[in-house]
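The values are calculated or read from the model by the stated rules, or taken from the named source; none is laboratory data. The structure displayed is predicted, hence computed values, not measured ones. As a convention, Cβ positions derive from the backbone with ideal geometry for all residues, glycine included, and neighbour counts pool all protein chains shown. SASA here: full protein model, heavy atoms, side chains in, ligands and nucleic acids out. Shrake-Rupley method; radii C 1.70, N 1.55, O 1.52, S 1.80 Å.
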Amino acid sequence: MSDYKRILVTAALPYANGPVHIGHLAGCYLPADIYVRYQRAQKRDVKFVGGSDEHGVPITIRAMKEGITPQQVVDKYHAIIKESMEQMGISFDIYSRTSNKVHHETSQDFFKNLYDKNLFEEKVTEQFYDEKAKTFLADRYITGTCPVCANPNAYGDQCEKCGSSLSPEQLINPRSTLSDAVPVKKETKHWYFPLQHYEAWLKEWIIDGHKEWKNNVYGQCKSWLDNGLQSRAMTRDSSWGIKVPLPDAEGKVLYVWFDAPIGYISATKELTENWADYWCKDDTKLVHFIGKDNIVFHCIIFPAMLKAHGNFVLPDNVPANEFLNIEGDKVSTSRNWAVWVHEYIKDFPGCEDVLRYVLCSNAPETKDNDFTWKGFQDANNSELASIFGNFVNRTFVLMHKLCGGKVPKLYEEMMDDKDRQIIADIKAAKEKVENLIEQYKFRDALFEVIDLSRKGNKYMQEKEPWIVAKSLAENADAQKSIDNCLHICLQLTANLAILINPFLPNTAKKMLGMMKVVDKMLEWQNAGSINLLSVGYSLRAPEILFRKIEDSEITTQIEKLKSGLVKPVQEPTSDKPQVTSDNSQETTEEKAVASNVKPEIVYDDFAKLDLKVGKIVAAEKVEKADKLLKLSVDLGFETRTIVSGIALHFKPEDIVGKQVVIVANLAPRKMRGIESNGMILMAEDAGGKLHFINPEQDINPGAGVS
RNA sequence: GGCGAGGUAGCUCAGUUGGUAAGAGCGCAGGAUUCAUAACCCUGAGGUCAGGAGUUCAAAUCUCCUUCUCGCUACCA
């Protein structure tokens with residue numbers, strides 16, 4: 001690893017369809033940034049590239065919904081994302097975007113290169129086509145009535161109401177979201193990349209050659225390779241994206257996953273004219289930081305593309321992180337269950353490093369982890385502030401009180417085992433942090449930094465210079481003892497600045513200010529030294545590095561999170577796995593409701609429904625079905641069997657005796673072998689919980705509802 | 001129901017190829033202290049390593065069964 005001449009670090013391109021949340025930071029951008037800052041401190045040749053991913057179907061759909069152009073959508077979110085990254089100190093050497101001209105050219109050249117080598121398969125398939133809009137329709141562009149749950153707004157690939165995965169053929173009354181036209185089948189040609197041709201090579205490269213990759217990454221690759229690879233279409237019918245650079249490819253663009261990783265190359269081109277050094281020389285170490293949902297693209301597909309092209313280096317490592325949950329629940333952009341970075345920055349100004357600390361110390365490196373606001377508070381108050389911050393502060397305060405505000409002398413002849421031990425600890429900490437970062441174990445590395453400050457506190461406590469100071473009059477050596485302690489504590493503080501710098505750069509900066517030293521001191525080679533601050537040098541007054549986070553702030557955040565929660569709206573999710581959200585924080589409840597109202601009907605349509613009040617007289621779980629309950633409902637004139645998918649919300653014994661409203665004239669339907677005669681009406685609250693619709697008081701079963 | 005991953009101290013997690021390690025941080029309790037952001041320092045309680053069976057001289061660590069959790073998937077409003 002040391003024979004690399006240069007390092008190229010990429011971080012997954014965030015999808016420009018929404019802002020970034022803390023899960024993105026924890027999973028990808030923060031570890032990448034820590035790694036890069038560390039490498040820079042090592043004075044290694046490192047470049048850190050990233051940018052917004054701006055193509056793909058979800059962006060066109062969002063544009064359509066908001067009545068703006070796709071370009072306007074990506075312009076908006078690119079700006080927000082870029083600003084969040086900057087404010088959080090994610091120190092890209094370049095943060096580009098895939099709508100740039102250089103990226104279009106690079107991607108097209110790449111495609112053309114493979115095409116000219118005859119590495120694609122051309123296949124003609126039938127796809128749905130909108131004759132009014134004169135365009136092919138991705139499955140997502142087709143809506144219709146769900147054959148399973150009768151939701152009239154199901155998408156061609158999935159019904160978001162009932163979760164069924166569908167194909168457009170299954171939809172009842174399919175129509176185009178573009179023009180409302182009825183889609184027709186039409187032949188279309190696409191270019192497929194035969195991944196199976198690279199299977200043997202990939203196995204050798206990964207399974208045999210990269211056993212050091214993280215378990216989650218290696219395991220997932222192995223599973224993909226064991227299951228066999230297939231050709232994948234690398235083009236799409238769309239107007240938004242990078243045009244396929246072939247004469248007979250009108251209306252076709254590159255598949256967003258073909259062009260997105262090439263964005264790393266384009267960004268490097270924009271960054272430096274020596275870009276080829278980073279991409280084409282074998283002594284470059286290429287590292288992709290991503291979330292776990294990107295593993296297959298970065299470990300299988302993109303390397304196969306690079307291999308096919310032939311002139312590029314392959315990733316040395318792909319340290320993918322798992323996901324970060326929030327307060328025990330999975331992040332959901334559509335439910336707005338997320339902590340948005342730009343909002344955090346507004347709510348906790350000047351506390352960017354605190355978030356970096358919490359996200360790193362609790363990073364989902366080996367498995368999904370949970371972010372809680374209480375945990376955030378605890379980590380800040382009892383680790384950052386009380387241990388690290390307090391050590392620095394008491395060192396400075398004592399130095400001003402007992403050493404005249406100057407770095408005191410170190411009397412070597414007076415040094416004892418404790419002094420020698422803490423100095424050894426400083427040197428050891430440097431080694432440990434360094435090794436852990438090189439192994440992408442950022443959580444452990446950060447722990448070692450905090451642990452060093454913990455040792456500092458212990459050392460100072462044992463030396464108790466404030467006690468020694470009481471004997472200054474009678475003890476000639478007292479001042480020397482004090483000087484030695486504070487000399488070492490100050491050198492330790494300087495070391496802490498160097499070690500914490502990759503993790504908490506703003507904090508390191510503040511510490512430099514207090515010590516009146518220049519940035520150069522932060523170079524990694526200085527770590528482990530106890531000659532960083534010159535004897536006699538006068539230092540500034542301490543500055544509180546981390547304030548305490550109050551209970552009220554935590555309560556506010558938890559309330560904000562809960563009140564912001566919205567019911568899932570009919571919002572398209574991405575057609576590609578991605579590290580980013582596809583929903584904006586502006587999804588308000590009103591908007592959700594407004595956009596959710598079905599098309600107008602006349603009274604006669606309503607009158608067709610026969611709604612009646614019934615009483616549940618028996619309920620039991622349906623075998624081999626998680627969600628189904630078999631209910632017997634008394635309608636006065638008869639007792640019916642109704643199968644209802646509410647088992648996750650209610651226990652059978654709890655709902656016997658409840659009155660409910662049912663649709664009495666719904667056509668019977670068999671589920672799990674049981675015929676269901678009707679449907680129970682349910683309301684779903686913002687939290688996704690179901691509630692019965694029933695009369696205020698018990699009334700006679702069979703009563704009509706209108 | 002199928003596939004995958006996982007259940008280790010109150011919480012968040014480490015535990016490498018089976019052998020004196022059942023651990024860390026936080027939290028909690030007690031003590032000590034006051035230079036310091038009511039901080040620091042010391043001590044302590046706490047776990048039948050989900051449960052059961054098996055392999056072994058030896059299992060948190062391997063095998064099987066049960067159970068629970070999470071993800072994908074199936075049934076569904």
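With every protein chain present, what is the per residue accessible area of chain A (1.4 Å probe, Å²)? Before the final figure, lay out each step's value.
Values: 30510 Å² over 706 residues.
Here the per-residue accessible area is 43 Å².
Roughly to the nearest percent, how much of the accessible area of chain A is carbon and sulfur, given a 1.4 Å probe?
On the way: 15000 of 30510 Å².
For chain A, the apolar C and S fraction of the accessible surface comes to 49 percent.
With every atom except the alpha carbons ignored, what do you get for Rg and Dmax of region A:14-100, in angstroms?
In order Rg, Dmax, the Cα atoms of region A:14-100 give 14.5, 49 Å.
Counting only protein chains, not ligands or nucleic acids, how are A:PHE606, A:PHE637 ordered by accessible area (probe 1.4 Å), most first?
On the way: A:PHE606 75, A:PHE637 125 Å².
Largest to smallest exposure gives the sequence A:PHE637, A:PHE606.
Where in region A:232-295 are there GluC sites (Glu not before Pro) that are in a DSSP coil and have at most 16 other Cβ atoms within 10 angstrom of their Cβ?
A:GLU250, A:GLU273
Need one word for region A:191-296: rounded, prolate or oblate. Basis is the Cα gyration tensor (sqrt eigenvalues a ≥ b ≥ c); a/c below 1.5 gives rounded, then a/b vs b/c decides.
On the way: a/c = 2.09, a/b = 1.24, b/c = 1.69.
Because a/c hits 1.5 or more and a/b fails to exceed b/c, region A:191-296 counts as oblate.
Filter the trypsin sites (Lys or Arg not before Pro) in region A:341-410 down to the DSSP loop ones having no more than 16 other Cβ atoms within 10 Å, then list what survives.
Passing both the DSSP loop test and the Cβ count: A:LYS367, A:LYS409.
Among DSSP beta bridges whose residues both lie in chain A, state the antiparallel percentage, nearest 5. Kindly include the intermediate steps, with their values, before the conclusion.
On the way: 55 of 77 bridges.
Bridges in chain A are about 70 percent antiparallel.
List the trypsin sites (Lys or Arg not before Pro) in region A:199-243 that DSSP assigns to loop (not H, G, I, E or B) and whose Cβ has at most 11 other Cβ atoms within 10 Å. Which are they?
Working: sites: A:LYS203, A:LYS211, A:LYS214, A:LYS222, A:ARG232, A:ARG236, A:LYS243; in loops: A:LYS211, A:LYS214.
Within region A:199-243, the qualifying trypsin sites (Lys or Arg not before Pro) (loop, at most 11 other Cβ atoms within 10 Å) are A:LYS211.
What does the extension gain come out to for A:ALA233 and A:ALA200, with contour length at 0.36 nm per residue minus their alpha carbon separation? Walk me through the numbers on the way to the answer.
Values: separation 33, 0.36 × 33 = 11.88 nm, distance 2.03 nm.
Extending this stretch completely gives an extra 9.8 nm.
Which of A:LYS65/A:LYS112; A:LYS43/A:LYS418; A:LYS112/A:LYS281 have a Cα-Cα distance over 28 Å? If you can, show how the numbers build up before the last one.
Details: A:LYS65/A:LYS112 34 Å; A:LYS43/A:LYS418 33 Å; A:LYS112/A:LYS281 22 Å.
Beyond 28 Å between Cα atoms: A:LYS65/A:LYS112; A:LYS43/A:LYS418.
Can you list residues from other chains, or at least 5 along the same chain, whose modelled amide H is less than 5 Å from the amide H of A:PHE289?
Under 5 Å from the amide H of A:PHE289 lie the amide H atoms of A:THR10, A:ALA11, A:ALA12, each far enough along the sequence or on another chain.
Over chain A, what is the mean sequence separation of C-alpha contacts under 8 Å (at least six apart), divided by residue count, expressed as relative contact order in percent? The partial results should precede the final answer.
On the way: 1289 pairs, mean separation 101.1, N = 706.
Value for chain A: 14 percent.
Given region A:261-377, what whole percent of its Cα pairs are spread farther than 24 Å? Let's see the in-between values first.
Working: 3068 of 6786 pairs.
The proportion of pairs with Cα distances above 24 Å equals 45 percent.
How large is the convex hull of the Cα atoms of region A:84-132 per residue, expressed in Å³ as a whole number? Kindly include the intermediate steps, with their values, before the conclusion.
Details: hull volume 9.9 nm³, N = 49.
Once divided by residue count, the hull of region A:84-132 is 203 Å³.
Extent of chain A along each principal axis, from alpha carbon coordinates, in Å, largest to smallest?
104, 72, 44
For region A:369-526, would you read off the P(r) tail past 22 Å as a percentage of all alpha carbon pairs?
Details: 5401 of 12403 pairs.
Cα-Cα pairs of region A:369-526 separated by over 22 Å account for 44 percent.
Kindly state, to the nearest 0.05, the FRET efficiency for A:LEU609 paired with A:ASP698, given R0 = 30 Å and r defined as their beta-carbon distance.
Working: r = 23 Å, r/R0 = 0.76.
E between A:LEU609 and A:ASP698, to the nearest 0.05, is 0.85.
If I take every Cα pair under 8 Å that is 6 or more residues apart in region A:369-526, average their sequence separation and divide by the length, what percent do I get for the relative contact order?
On the way: 129 pairs, mean separation 41.7, N = 158.
Answer for region A:369-526 is 26 percent.
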